[in-house]
Amino acid sequence: MDISLPDTLMAFVDEQVARRGYGTSSDYVRELIGKDQDRQRLRRLVLDGAESVPGPSADDAYFEELRARARHTASS
């Protein structure tokens, strides 16, 4: 894949490669793409959570039940 960039963006990429220790501009672009994928996955999870039915309340009783289950699992 070949990507054309204006001189100002190419200079920025070259600077990032040099300053941040990337081997090549491709390494830098791969990392940017990976971070964008992570951001999109997180956004989807947040939106899915916002659209879901609320779960149980996270009150003292809820956390005590979690602690009891954890103690039981640890002792098994």
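Could you give every pair whose Cβ atoms fall below 7 Å, whose first residue belongs to the range 64-76 and is open to solvent by 90 Å² or more (accessible area, probe 1.4 Å), and whose second residue is modelled with pLDDT under 90, counting only separations of at least 6 or pairs across chains? Pairs found: none.
For the range 1-24, residues that are aliphatic (A, V, I, L, M) and assigned to a loop (DSSP other than H, G, I, E, B) total 3.
The values are calculated or read from the model by the stated rules, or taken from the named source; none is laboratory data. The model shown is predicted, which means the values in this text are computed figures rather than measured ones. Backbone-built Cβ (ideal geometry, glycine too); neighbour counts: all protein chains shown. Note: accessible area is taken over every heavy atom of the protein model, side chains too, but ligands, DNA and RNA are not part of it. Shrake-Rupley method; radii C 1.70, N 1.55, O 1.52, S 1.80 Å.
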